[in-house]
Each structure stands twice: as C-alpha cells, then as structure tokens.
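The values are calculated or read from the model by the stated rules, or taken from the named source; none is laboratory data. Computed from a predicted model, the values in this text were never measured in an experiment. Note: ideal-geometry Cβ built from the backbone for every residue, glycine included; neighbour counts use all protein chains shown.
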Amino acid sequence: MNHREFHSLGRNVSEVGLGTWQLGGAEWGDVPENQAIETLQAAAESGVTFIDTADIYGSGRSETLIGKFLSNRTDREAFTVVTKFGRGSDPGWPDNFKHENLVAHAEDSIRRLGVDALDLTQTHCVPSEYLDDGSVWETMRSLVKQGKIKSFGASVESMDEAVECLNVDGLGSLQIIFNVFRQKPIDDLFAKAAEKQVALIVRLPLASGLLAGKFSAESTFGEKDHRSFNADGDAFNVGETFAGLGLEKGTQLADLLKKYVPDNATMAQWALRWCLDFPEVTTVIPGATRSEQAVSNAAASDLESLPESVHAELREFYKEQVEPFVRGKY
C-alpha cells in the first residue's frame, strides 16, 4: 500500500482508504455486524489506514462499529478515522449548526468511535447558506483549540462549494465526488487545493458500483439501497447515486470503458487506479460490504499508472459522451 501526505494532520495515510456509508446498514442494504467487522479487518490487513464515516450512517452505527473494531487493535495509532456531521444529527437544520449542537455532535462521535479526539471532522454536504456567516467554521477552530478535533474539512456536492470552502481559514480537507464519470475537479479544483495544501478525499470513485462493470440496465437493488430509492434524486442529491447518470445510461457508458481494463486488474481496480494517477488526490475511499471487496480495492495501489494516451482518451470520452448527461449539483 502506498501512502500520501495529509498536510493538516502532519501524517501520511493510505492512498486507498475505506468508505463506510454502507456499514450503517441504512442506504446500502443490511450489513450484519460480523460482516462489517470482517470487512474492516480485511481492509486493515491489506494496508488501509484511512477510514471515513459520518454520524448519519445508520444513526451512528457505522461509527460504533469502527470504534469496536479499533478497540481490539494494538496498532490503533496507525489509523486515521475521519467523520462528518450535519445531515442527520439532532435537532436538525438549521439548529444543527449552532455552536452548542456542533460541540455535542463532535462529542457524540468521539464517544462512539472510542477516541480521545477526532482526527478530522467534516461538514456533510451542508448548504452554503448555513456556512456563509462563518459561525460553523469558528466552532470548528474552537474545537481544534480545545483538543476535541485535530483538523476539520468539508464534504461538498459541487465544485463551486469546494472552491468557496478553500477560502476558509484552517480548512484541512475537501471530500469530493471524483471518478471517470465526474472529472470536473481536474479543471476546477485540483490546482487550487494543491496550492493551499488541502487534502482531497475522493468519495464514490466507483460511481455507486457502475465502474465495477458488473451491472446492467436490468440490475435491481434492495428496498433499503439508495441505488433503488434515490436513482432520480428523490431522497438526496442525485449525484450521490450512479454519478447522476442513472442506471441505464451509466451501464451503457461503463460497458464502453471495459476495453481499457488491463488483463491484470478488475474494472474496479482500474477505475481506482485512474483516480490515483492524479497526484492532487490524497486518498480514495471506495466502500465495501464484504472482506474480499476491501482486499481487491486495496490492491489498486499496486497497479501501474495508466498510460498518458489512455488518460487523454478518457478525458475526451468524458467531455463528449458523459458530461452532457450528468444530473444534479456538480
């Protein structure tokens, strides 16, 4: 496993991490506790040291499971665990963003994760109107001074939001959607983030599984799976599901990419390698519901970089065949 510098934390993290939205058991279908712990263990054994979660994932279940996993390890300090707040914490919007409630959310995450302080906490796709007055960021800075969090960042839905957040004093990271189907950050964000030494955490690098190349337009998903109930953005930003392309269009485009996948890699590994070929990316956080998925994803770190000619072709593919069909905030 290769590692990259996370400047605001003063440490290196695995370039392939683990996203744990699915371990909440709420928007990806049921994941039994033993299966979740096995997945975390398999990721760790494969060299993953970066784990991303949020307080809304299963109403704290994901954080609690990570805390249980960490409590049984003698190498706890090797892991960087980052969380998020704002989507589902009580008492809800806009009261979520009052100083006293932000502090309570941080303390709740600390308790569930079983740590003395949070490595990083991030605003969780919070609309700009709740951030513009600066009070949320001031509370984040105060939490750093109090030693309850070590750094703070923002998870965003659009590049406009990302660029705006770069102006926040003390911002340590941005979590963004970035994959072969969502290439806008290359032009709109990468250079600016690198200049400010803001870490870029890439979520949904496989576009909700489209870029694993195993779905068809006829694929179905469980009732509790967001790929079933949020295909058209009925529950939250449509860009969080199938990159905003929808299943039919997304699988059609994914099929066109299969010719680029080398013989020594799965399509998912190839898609992760594409993301990692950009030095501005700090870490990618694919999800995994099974241990074998976590192991396979981690192996993308060992693949050779894609040829520049392939990157050029994929850039044109995106501009001509993908970008016109992307829906949602972007």
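If I go through segment 286-310 residue by residue, how many of them are modelled with pLDDT of 95 or more and either exposed (fewer than 15 other Cβ atoms within 10 Å of the Cβ) or in contact with a Phe, Trp or Tyr (Cβ under 7 Å, 6 or more places away or on another chain) (or both)?
9
Just to be sure, is residue 72 loosely packed, with under 15 Cβ neighbours inside 10 Å and either touching a residue at least 12 places away in the same chain (Cβ under 8 Å) or out of contact with any Phe, Trp or Tyr (no Cβ under 7 Å at 6 or more places or on another chain) (or both)?
Answer is yes for this residue.
So, in segment 262-280, of the ones that are surrounded by 20 or more Cβ atoms within 10 Å (Cβ to Cβ) and not hydrophobic (A, V, I, L, M, F, W, C), which residue ends up farthest from residue 180 (Cα to Cα)?
Here the answer is 269.
Within segment 113-144, how many residues are among the polar types (S, T, N, Q), within 18 Å of residue 163 (Cβ to Cβ) and surrounded by fewer than 19 Cβ atoms within 10 Å (Cβ to Cβ)?
Number of matching residues: 1.
For residues that are of a type outside the set (A, V, I, L, M), closer than 20 Å to residue 313 by Cα and loosely packed, with under 15 Cβ neighbours inside 10 Å, tally how many sit in segment 230-261.
3
Being surrounded by fewer than 24 Cβ atoms within 10 Å (Cβ to Cβ) and within 25 Å of residue 199 (Cβ to Cβ) is the filter here; which residues of segment 29-59 pass it?
42, 44, 45, 46, 47, 49, 56
Hey, could you check segment 172-188 for residues that are touching a helix residue (DSSP H, G or I) at 6+ places or on another chain (Cβ under 7 Å) and without any contact (Cβ under 8 Å) to a residue 60 or more places away in the chain and say which is surrounded by the fewest Cβ atoms within 10 Å (Cβ to Cβ)?
188
Filtering segment 269-318 down to residues that are in a helix (DSSP H, G or I) and among the aromatic types (Phe, Trp, Tyr), which residue is farthest from residue 14 (Cα to Cα)?
Checked segment 269-318; the qualifying residue farthest from residue 14 (Cα to Cα) is 317.
Considering each of 214, 249, 259 in turn, give the residue that is farther than 28 Å from residue 164 by Cβ, assigned to a loop (DSSP other than H, G, I, E, B) and basic (Lys, Arg).
Residue meeting the stated conditions: 214.
Within segment 28-44, restricting attention to residues that are free of Cβ contacts under 8 Å to residues at least 60 places away in the same chain and not aliphatic (A, V, I, L, M), which residue is nearest to residue 118 (Cα to Cα)?
My answer is 33.
May I ask you to verify whether residue 195 is modelled with pLDDT of 95 or more and among the acidic types (Asp, Glu)?
So residue 195 fits the description; yes.
Quick one: which residue in 167, 96 is assigned to a loop (DSSP other than H, G, I, E, B), over 30 Å from residue 246 (Cα atoms) and free of Cβ contacts under 8 Å to residues at least 40 places away in the same chain?
Just a single option satisfies the conditions, and that option is 167.
Given the options 142, 158, name the one that is in contact (Cβ under 8 Å) with a residue 60 or more places away in the chain, among the hydroxyl-bearing types (Ser, Thr, Tyr) and more than 24 Å from residue 76 (Cβ to Cβ).
Just one listed residue meets the conditions, 158.
So which of 194, 217 is surrounded by fewer than 21 Cβ atoms within 10 Å (Cβ to Cβ), touching a helix residue (DSSP H, G or I) at 6+ places or on another chain (Cβ under 6 Å) and of a type in the set (A, V, I, L, M)?
Sole residue among the options that is surrounded by fewer than 21 Cβ atoms within 10 Å (Cβ to Cβ), touching a helix residue (DSSP H, G or I) at 6+ places or on another chain (Cβ under 6 Å) and of a type in the set (A, V, I, L, M): 217.
So residue 147 fits all but one of (1) in contact with a strand residue (DSSP E or B) (Cβ under 9 Å, 6 or more places away or on another chain); (2) modelled with pLDDT of 95 or more; (3) at positive phi; what number is the exception?
Residue 147 satisfies every listed condition except (1).
Inside segment 145-159, can you point out the residues that are out of contact with any helix residue (DSSP H, G or I) (no Cβ under 7 Å at 6 or more places or on another chain) and surrounded by 19 or more Cβ atoms within 10 Å (Cβ to Cβ)?
153, 155, 158
From the set of residues in segment 77-103 that are under 21 Å from the mean Cα position of the chain (by Cα) and charged (D, E, K, R), which is surrounded by the fewest Cβ atoms within 10 Å (Cβ to Cβ)?
So the residue we want is 87.
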